[in-house]
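Enquirer: Pasting a structure below so you can have a look.
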């Protein structure tokens, strides 16, 4: 198992906690899901360590509490880049590995808060609701064996 986080110390703490509670090992990977180079480097580190990707759980997100009418467009772009861009870049990085190994699974997660709106959560709910996790579906052929 690999746990990626923007902050390597947080990734290490989560990996250590996971390794203490479950069988097997867990590695920490520093990754900024808004930057394709760091996503690719992090995923390659996982591939080099474990040799395969059985499951990708895409769970990157952040919440900024502010009313929509006062929400800076830069912060909006940041939310979209993390919620949508992160899911895309992580998937893009692992799909070739999954195809080469004959398959795998990609799971998109979002917070329960993405279904609850309030005056301060509207931008977060919108960004999170636009993510691939917003409705259950199977992406046909995404991680199928090559034909």
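Computed from the coordinates by the stated procedures, all read-outs in this text should not be read as laboratory data. As the structure is a prediction and not an experimental result, all values here were calculated from the model. Here the Cβ is made from the backbone with ideal geometry for all residues, glycine too, and neighbour counts use every protein chain on show.
Enquirer: For the pair residue 73 and residue 37, what calculated FRET efficiency results from E = 1/(1 + (r/R0)^6), where r is the Cβ-Cβ distance and R0 = 25 Å, to the nearest 0.05?
Expert: Computed FRET efficiency for residue 37 and residue 73: 0.50.
Enquirer: What spacing in nm lies between the two simple spin-label points modelled at residue 16 and residue 64, each 7 Å away from Cα in the Cβ direction?
Expert: About 3.2 nm, to one decimal.
Enquirer: First measure r as the distance between the Cβ atoms of residue 109 and residue 8, then evaluate 1/(1 + (r/R0)^6) with R0 = 22 Å and state the FRET efficiency to the nearest 0.05.
Expert: Taking R0 as 22 Å, the efficiency between residue 109 and residue 8 is 0.55.
Enquirer: Can you compute the FRET efficiency between residue 100 and residue 49 using 1/(1 + (r/R0)^6), with r the Cβ-Cβ distance and R0 = 25 Å? Round to the nearest 0.05.
Expert: 0.95
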